[in-house]
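One structure below.
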Amino acid sequence: MDGMAKTSTTTQGLRAAIERSGYYPALVAEAVEAAVGGEPVRSYLVHQETTFDQNEVRRHVTVLVLTANRFIVSHTDEQAADSTSPTPYATTSTESVKLGRISSVVVSRVVANPESYKPGTLPREVVLTIGWGAVSRIDLEPAACGDPNCEADHGYTGNSTADDLSLRVSEAGDGPETVRQALVFAQAISEATADITR
């Protein structure tokens, strides 16, 4: 019974966070709820980002949802009127990923004055990177040997990095509650993916 009550509370918290973002909440909520379906929500993160593109201000909202079986990502962007549309419009998309496909969860924390850090202190910013193999970045550079006079072609060397989603939240830009929620979500998805591999 407590699990059901918590799930209902978590779902209500997700809806409230979407409403608080103030960014086309009816559109965003409908897209997220359709993707989640009837599954209980275990954890969530709502992040709004404002960018400046020449003379335009553009907003983007990302909603991350964790259920018992899936990780759901929703992105919504607004666009100004252009040659394809005489009125401003918004585009929303959702992606549903089975938890077993998630290959990495990276949490980077930036803390001020690390010499006096106390456990439990909120980081200044958090970067959450989640990879599931849909997008990979390859960084290549010419390979070389130790001989400075060698003119042979040694091919290339490099790294392949899963980089499907990278989300940065900061206390200054997003507020302490969003940073706290990012850490809660990161822990929940890390634990969920660890459970899958056991």
Of 34, 29, the only residue that is touching a residue at least 12 places away in the same chain (Cβ under 8 Å), part of a helix (DSSP H, G or I) and open to solvent by 70 Å² or more (accessible area, probe 1.4 Å) is 34
Only one of 23, 44 is modelled with pLDDT of 90 or more, closer than 21 Å to residue 175 by Cα and surrounded by 13 or more Cβ atoms within 10 Å (Cβ to Cβ), namely 44
Is it the case that some residue within the stretch 105-113 is open to solvent by less than 50 Å² (accessible area, probe 1.4 Å), at pLDDT below 90 and in a strand (DSSP E or B)? no
Exactly one of 141, 151, 171 is modelled with pLDDT under 85 and either touching a Ser or Thr at 6+ places or on another chain (Cβ under 7 Å) or under 28 Å from residue 21 (Cα atoms) (or both), and that residue is 141
Restricting the stretch 52-91 to residues that are of a type in the set (Ser, Thr, Tyr) and open to solvent by 60 Å² or more (accessible area, probe 1.4 Å), the one nearest to residue 177 (Cα to Cα) turns out to be 91
Scanning the stretch 92-101 for residues that are of a type in the set (D, E, K, R) and in a strand (DSSP E or B), the one surrounded by the fewest Cβ atoms within 10 Å (Cβ to Cβ) turns out to be 98
Answer yes or no as to whether residue 68 is in a loop (DSSP other than H, G, I, E, B) and either in contact with a Phe, Trp or Tyr (Cβ under 6 Å, 6 or more places away or on another chain) or under 20 Å from residue 190 (Cβ atoms) (or both). yes
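The values are calculated or read from the model by the stated rules, or taken from the named source; none is laboratory data. A quick note: this is a predicted structure, and the numbers were derived from the prediction, not measured. Cβ atoms come from the backbone with ideal geometry, glycine included; neighbour counts cover every protein chain shown. Side chains included, ligands, DNA and RNA excluded: accessible areas come from the protein's heavy atoms. Shrake-Rupley method; radii C 1.70, N 1.55, O 1.52, S 1.80 Å.
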